Structures are given as C-alpha cells and as structure tokens.
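Here is the structure we will look at, set down as structure tokens.
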Amino acid sequence: MSSPNERLDSIYQQVVARNPGEEEFHQAVREVIESLDPVLRRYPEFAEHKMIERICEPERQIIFRVPWEDDRGEIHINRGFRVQFNSALGPFKGGLRFHPSVYLGIIKFLGFEQVFKNALTGLPIGGGKGGSDFDPKGRSDNEVMRFCQSFMTEMYRHIGEYMDVPAGDIGVGGREVGYLFGQYKRLTGRYESGVLTGKDPAWGGALVRRESTGYGAVYFVDEMLKARNDSMEGKICVVSGSGNVAIYTIEKIHQLGGKVVACSDSAGFVYDEEGLDLDLIKQIKEVERRRIKAYADTRKQAKYTPKGDIWAVPCQVAMPSATQNELDEEHARTLVANGCLAVGEGANMPTTPAGIRVFLEAGVAFGPGKATNAGGVATSALEMQQNASRDSWSFEYTEERLASIMRGVHRTCWETAKDFDQPGNYVVGANIAGFIRVAEAMLALGLV
Ligand code: NDP
Ligand code: 2IT
C-alpha cells in the first residue's frame, strides 16, 4: 500500500500527463492536493473511491467556434469554452471570461477553483467556468453584442436554470450578460431568468451582485483581522486592478474606515497618498471605459507609473484583484518587509505558490481566493433564489445575507484549519473544507 503522500504525488503526475501544457490548471490542482494528506488519513474511503482522481476530471468540456463580424465587415473567428466541472452540489455555476489569454488551461483552473469555492459558500451550486479568447478592448458596443450573440448561439444548448448557470468574470460584466441573455431568450423563446446571473436589477438581476465580490472580499479580510483583535479601521491598503472586483473592494474598505492609496490596470498603477477618489475611478472605468492613467491626468496629486510594481507601495493590507499569478515571491517579500499584515485574494489564484509560502512563513493573515472572493458567486446563488421565487430583495437585506455568508466561509476555513492542526492557515482550511463537502456529496450520489 502506498502512503497518502505517495498517492497524492502520483495523482498529481497523472493530472499533468493527462492535461499537457495546461500550467495554470496544474498549479491549481497542486495547491489543493498538497492540503489533502491529512484528509486521506482520516477518510480512507475517499482514496478507495478515487475521489481526488474523479474531482480532477471535469464532467464535461465544450469547445466551440465563435465567428463574428466587426464594424468594418471583417470576419473574426474566436474559440469558446464551457467546462462543466462538477455538479455534485448543484447545477454547474461559474463565470465567463473574455480575454485574449484565455485557453483551455485557464478555464480549467478557474473551473476547478470554482468547485471548492462554491462548496465553501454552503449554497447548492456545483462548479464550472467558460469564456473565450475574444478581446473586448477597443471594440464598439455593437461588436461586443455580435460576439455575445454568436457565443450564445452555441452555448445556449448546454446551459439552463437546472443545468449550468454562467455569469461574469474578466471582460464580462453587466453589458455582456445583457447581450447574452437577450440572445438566449430569442433562441429559446423563454424568459428563463435563472439561466444567467449578474443581470441588471431592472430585469431580473439581484441588487448587490455587482458589488458582492469586492464587498465580500473585504468582509473576509475584516474577519481575519478581527480574529487577531484588529480591524480595517485606519489601515493603508493597496488593491490591484480597477475592474469590477477592485472597484467594490475599494468602496467597502473606505466604508470600513481604511484608506486605499493605489490601484492599477494592465498598463500601470496610480498612487494617491490622500486615498483614491472612487467616484473618479468609477467614471473612468465604468462609464468611459478608459485607462487608469486618466486618473492621474485629472487628479494632480496622484502619480501614474507605467508598467510599475504596485506591490512596492507600502501598505498594511494588500488585495490582489486583477488576475492570476500577478503577485510573486519577490513581491511578497517586499510586502512583508513593508509591514503588510493581511492579504486577501480578490482575484482567482493571483499569488504564486512561492509568494503564498512567504506570507504563511511570515505570519501574514492570508485569505486564498476560493474563500476570500466567494461573495460574488454566493450572491449569484442569491440571485438564482430570487429568480426561482420570482421575488426581488432589498439592497440592505441582500447585503446582510452576503455578510453572513462571508462570516460563515471564514468560520469554516478557520475551524477546519484548527481541526487539521494548522491553526490560522486559511489555504489548508479552505482546500480541506471545500474538498470534504464535494467528496461527501459525490460519495452519496454513487459512481456517476
Ligand atoms: P474586470 O474585467 O472587471 O477587471 C479586470 C481588471 O484586472 C482590470 O483592471 C484589468 O486591466 C486587470 N487585468 C486583467 N487581466 C490582466 C492581466 N493579464 N494583467 C494585468 N492586469 C490584468 O474583471 P473582474 O474585476 O471581474 O475580475 C478580476 C479578478 O477577480 C479575476 O481574477 C476574476 O477571476 C476574479 N473574480 C471575479 C468575480 C466577479 O464576480 N467578477 C468573482 C470572483 C473572482 P485591463 O483593463 O488593463 O485589462
Ligand atoms: O470567479 C468567480 O467566482 C466568478 N467569476 C463569479 C461566478 C458566478 O457565477 O457568479
């Protein structure tokens, strides 16, 4: 008999061999597998039923052609993906990412993370992810609409309220969800609100969904600080990105008395010692869809650094909220040297494995993405509840539900880490708690 450790290593090697070239997927699998040794020792039935091997293999993967025509009449061919990873706990649930870097390995890493994240929320949602290598930057509304219509013309046959419920991610926000929903409705002739989340509250969306990932991430960090008898009050913070997650992370930090001094986009970052003016950022990013550089052009005391290193800005709380592997070992060392106390991952897998090790060894409170950013998908599940009951809840009520879910996610990670003899290690806590929930459901459902 091999030891759990040897067994885990061999499972990981199989995943790498079966999914060649998908580096981000390998990275996500490795991080989870590395936490599972004590789980296999305590639950030998998981090994016997090959739960890890089964969880690492998506239930279904769909890859399709997305042809569309730009405003000049030129034809473009993109590739679309929907990976339906695991439906043990509920219909597949997870966002769509439109970004030129998208390929199968990105969608699979995101889908894999989504399975455990969704389990941590305690809500009845399985995990999936999709997207395309389409680049929405610089495209007109009409071009984005034609792309979304073409994407949905294939995807509509694979999704549904009880089957698979997509939402937004990088490059997919309210505008795109609107075009996707419009085409789904046209193709099926059904007003099936629960087929997509992240809809506009004017036609079936949930209040707070737009704010929920950022707000939830800050609630999670606040809980980590409270567990150390501290709080967000007065904290100097740095938030990378300036998209949906970053904007509402900044908003909640300011509401809780912290001060965000820097944010970024893929071209550079802005630093504003007096604290970022969020109304200006919303105007630039949400309304005008311009680059973050425009912030420093308008607010004279702010400084813009093209291609700079945002993690060199001294802060007590860092919230990477842009993209995967944006914070590496060297960045982590700089943050620790500058006195950083807490890191909350608003993005999915933004910290490299070596970066995570630096934070854990330095005793920084580190909230992994699958726990910290779970508020987005949790509020999507609340949107599904409202759609199923043809109801709509107030902002205050929905935000209270979100806050309570995030306290629950924090408690689950905290208690699981303690139970498995690694107190304060939220990475281990999130991986183990998420895995056990999914594996137990799969065991109960039999070999399917
Ligand atoms: P948006 O598209 O709204 O914003 C993305 C931001 O990140 C932009 O500022 C963008 O800059 C920057 N960015 C994206 N890709 C890169 C890159 N390769 N290099 C540098 N910067 C980059 O996306 P979201 O805010 O929705 O998503 C941000 C992160 O949060 C992602 O990791 C996503 O998976 C995760 N997430 C999102 C949730 C949601 O509900 N939306 C829920 C949970 C997690 P630029 O405009 O220059 O490209
Ligand atoms: O990564 C994520 O959790 C999301 N992009 C949100 C998914 C959702 O279904 O709301």
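No lab work stands behind these numbers, since they all come straight from the coordinates. No experiment lies behind these values; they were computed from the predicted model shown. Here Cβ is always computed from backbone atoms with ideal geometry, including for glycine, and neighbour counts include all displayed protein chains.
Expressed to the nearest 5 percent, the antiparallel share of DSSP beta bridges inside the stretch 259-371 is 55 percent.
In the chain, the sites counted are GluC sites (Glu not before Pro) in DSSP loop states with at most 15 other Cβ atoms within 10 Å, and the longest stretch holding none of them, exclusive of the sites, is 289-448. Structure remark: mean-square fluctuation, Gaussian network model of the chain, C-alpha springs under 10 Å; the largest value among 387, 348, 373 belongs to 387. Residues whose amide H falls under 5 Å from that of residue 78, counting only those 5 or more places apart or on a different chain, are 66, 68, with hydrogens built in the peptide plane. Secondary structure note: in the chain, about 60% of the DSSP beta bridges are antiparallel. For the stretch 191-273, the extents of the C-alpha atoms along the principal axes are 47, 35, 16 Å, listed from largest to smallest. Our summary gives the chain a relative contact order of 15 percent, counting only alpha carbon pairs under 8 angstrom and 6 or more residues apart.
When all alpha carbon pairs of the stretch 1-128 are counted in 5 Å bins from zero, the resulting P(r) reads 2, 10, 18, 19, 18, 13, 7, 5, 3, 2, 1, 1, 0 %. The spacing between the stretch 306-334 and the stretch 370-428, judged by their C-alpha centroids, is 25 Å. Considering all different alpha carbon pairs of the stretch 288-340, the Kirkwood hydrodynamic radius works out to 12.8 Å.
The stretch 37-80 and the stretch 263-303 have Cα centres separated by 36 Å. Between the amide H of residue 34 and any residue lying 5 or more places away or on another chain, no distance stays under 5 Å, with hydrogens modeled in the peptide plane. Highest mobility in the GNM of the chain, judged by mean-square fluctuation with C-alpha springs under 10 Å and restricted to 249, 197, 416, is found for 416.
Here the 3J(HN,Hα) profile of the stretch 96-101, calculated from phi with Karplus coefficients 6.51, -1.76 and 1.60 at θ = phi - 60°, is 10, 10, 10, 7, x, 7 Hz, Gly and Pro shown as x. Database remark: amide H of residue 93 closer than 5 angstrom to the amide H of 126, 127, 128, 165 (H placed geometrically; neighbours at sequence offset of 5 or more, or on other chains; Pro and chain starts carry no H). The length gained by stretching the chain between residue 191 and residue 300 to full extension, at 0.36 nm per residue less their Cα-Cα distance, is 34.4 nm. Relative to the current alpha-carbon distance between residue 266 and residue 34, full extension at 0.36 nm per residue lengthens the span by 80.4 nm. Cβ-to-Cβ counts within 10 Å put 200, 169 in ascending order as 200, 169, the fewest first.
Given +1 at the Cβ of Lys and Arg, -1 at the Cβ of Asp and Glu and no other charges, the dipole of the chain around its Cα centre is 660 debye to the nearest 20. Ranked for footprinting exposure by Cβ neighbours inside 10 Å, fewest first, 117, 282 give 282, 117.
I'd like the FRET efficiency for residue 163 and residue 447, computed as 1/(1 + (r/R0)^6) with the beta carbon distance as r and R0 of 25 Å, rounded to 0.05. According to the calculation, E is roughly 0.75.
Length gained on full extension, residue 282 to residue 17: 91.0 nm, using 0.36 nm per residue less the C-alpha separation. The alpha-carbon atoms of the stretch 259-311 define a convex hull whose volume equals 70 cubic angstrom per residue.
The calculated FRET efficiency for the pair residue 230 and residue 65, based on their C-beta separation and a Förster distance of 60 Å, comes to about 0.70.
Stokes-Einstein diffusion for the chain, with the hydrodynamic radius set to the Kirkwood value over Cα pairs and evaluated at 10 °C in a medium of 1.306 mPa s, equals 72 µm²/s. Averaged over residues, the count of other Cβ atoms within 10 Å places the peptides 13-21, 75-83 in the sequence 75-83, 13-21, highest first. Here the sum of -39500 (n - 2.57) over DSSP H runs of 4 or more residues, divided by the residues of the chain, equals -14500 deg cm²/dmol at 222 nm, to the nearest 500. Taking the square roots of five times each eigenvalue of the Cα gyration tensor of the stretch 80-212, the equivalent ellipsoid has semi-axes of 21, 18, 14 Å, listed largest first. At each listed q (0.21, 0.27 Å⁻¹), what is the log10 of I(q)/I(0) that the Debye formula gives for the stretch 66-124 modelled as equal alpha-carbon point scatterers? For the requested q values the scattering log ratios are -0.82, -1.11. Here's the list of lysines a cross-link from residue 370 could span, going by alpha-carbon distance under 17 Å and ignoring same-chain residues fewer than 8 apart: 93, 108, 117, 129. Given R₀ = 35 Å, what would the calculated FRET efficiency be for residue 274 paired with residue 361, taking r from the Cβ atoms and rounding to 0.05? The calculated FRET efficiency here is 0.55. Among 369, 105, 173, the largest mean-square fluctuation in a Gaussian network model of the chain, built with springs joining Cα atoms closer than 10 Å, belongs to 105. Sorted fewest first by neighbouring Cβ atoms within 10 angstrom, 305, 412 come out as 305, 412.
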